[in-house]
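The values are calculated or read from the model by the stated rules, or taken from the named source; none is laboratory data. Only a predicted model underlies this, so the values are computations on that prediction, with no experimental measurement involved. Heads up, the Cβs are rebuilt from the backbone with ideal geometry, glycines too, and the neighbour counts pull from every protein chain shown.
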Amino acid sequence: MAEMTQAAPANGIVITFFSTASAVGKTLVACNMASELAREGYRVCLVDFDLQFGDVCNYLKLEPLRTLADVQRTMQVEGDSCRVQDFLTPYEHGGVHFSVLASPTKLEEAYNIHHDYAVRAVRKLQQSFDYILIDMTSMFSTLNLAMLDLSTIVTFLGIVDFIPTIKNMKIGMDTLKTLNYDKNKIRLVLNRSDSKTRIGLADVQKLLGEPFYHVLPNDFRAASDSIRDGVPLVLAPKQNALGEALKELVARYTNHSSTPAEAEEKQQESSWLSRLFS
Ligand SMILES: Nc1ncnc2c1ncn2[C@@H]1O[C@H](COP(=O)(O)OP(=O)(O)OP(=O)(O)O)[C@@H](O)[C@H]1O
Ligand SMILES: [Mg+2]
């Protein structure tokens, strides 16, 4: 089989979700982007590399039978002939399917994961999937740095709430710049954009030296209902502004959205951001 062939090309696009603060929406955005890409017909695997406190399976109401810990154990015996696709948990809603590589279910298993196995697992998944989306934690750990390296796109998520969050976003952005990635690789995404804050977005962008690539609105009710139901917003029957903004983010990643200039114009037209830019 193609997946078993050592020489098979690793073509899958890797999108990581990273931040320098917790609870900024990495898992919610990752689940929604995976769903939207799958809805569009791509072969998608969503990977939970928040090893100790992963939420992907909670957010999708999945009970994983096998996890990354099983992949590592098997790779330690079988090496690269281990079939990572045998360790995935399927998600399905309304005819949309994708796969999930779950994080370990026990803390000691999470603690014992070595990042080399995580890298090898992702490389394997790249042979079978069009998109591999990786949910991560908010720290520059060895695992996360390895994932940032092999990413096609890093979604660096931030929220603008308190000064320390912004300070840490700045440290994160500066650190990502020192890694010398291609400029297009890092996409700075603002989540919960219209939540109440006294901090001006223009000031934040100036501090970060980078405009926000995309802006997602705040909708606590829609976000928490979708988690309660295990149905990502982009798959919900009722349209909602946050779900639409998430779909637009996917469209921009897959290049079938409006041109960047049009998208920027739309973004500025549709929110209070425009006032801050004028
Ligand atoms: N745009 C949004 N509007 C309102 N609430 C949101 C939005 N995005 C995420 N949330 C809520 O914020 C909380 C944190 O989201 P999530 O778990 O995705 O963040 P995270 O960055 O993965 O957190 P952690 O660092 O703990 O893994 C959740 O309760 C979620 O419902
Ligand atoms: Mg998370």
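Here is how the numbers come out for the structure above:
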{"quantity": "Scan of the range 18-32 for residues that are part of a loop (DSSP other than H, G, I, E, B) and more than 6 Å from ligand 1 (Cβ to nearest atom), ordered by number", "calculated": "T20, A21"}
{"quantity": "Residue check, D203 at pLDDT 90 or above and within 25 Å of I166 (Cα to Cα)", "calculated": "no"}
{"quantity": "Residue list for the range 36-83, restricted to those being outside any helix (DSSP H, G or I) and of a type in the set (G, A, S)", "calculated": "G41, G54"}
{"quantity": "Top-ranked residue of the range 74-109 - restricted to ones that are of a type outside the set (V, I, T) and in contact with a Pro (Cβ under 7 Å, 6 or more places away or on another chain), ranked as nearest to I132 (Cα to Cα)", "calculated": "S99"}
{"quantity": "Helices (runs of 4 or more DSSP H) lying entirely in the range 141-217 (those with 2 or more residues that are of a type outside the set (G, A, S) and within 20 Å of the chain's Cα centre (by Cα))", "calculated": "142-150, 163-178"}
{"quantity": "Matching option when the condition is away from ligand 2 (no atom under 16 Å from the Cβ) and loosely packed, with under 13 Cβ neighbours inside 10 Å, among E36, E40, E109, E92", "calculated": "E92"}
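For every residue, the table says whether it meets (1) surrounded by fewer than 16 Cβ atoms within 10 Å (Cβ to Cβ); (2) modelled with pLDDT under 95; (3) not aliphatic (A, V, I, L, M).
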site: R123; (1), (2), (3): no, no, yes
site: L143; (1), (2), (3): no, no, no
site: D149; (1), (2), (3): yes, no, yes
site: F156; (1), (2), (3): no, no, yes
site: P164; (1), (2), (3): yes, yes, yes
site: Y181; (1), (2), (3): yes, yes, yes
site: N191; (1), (2), (3): no, no, yes
site: K196; (1), (2), (3): yes, yes, yes
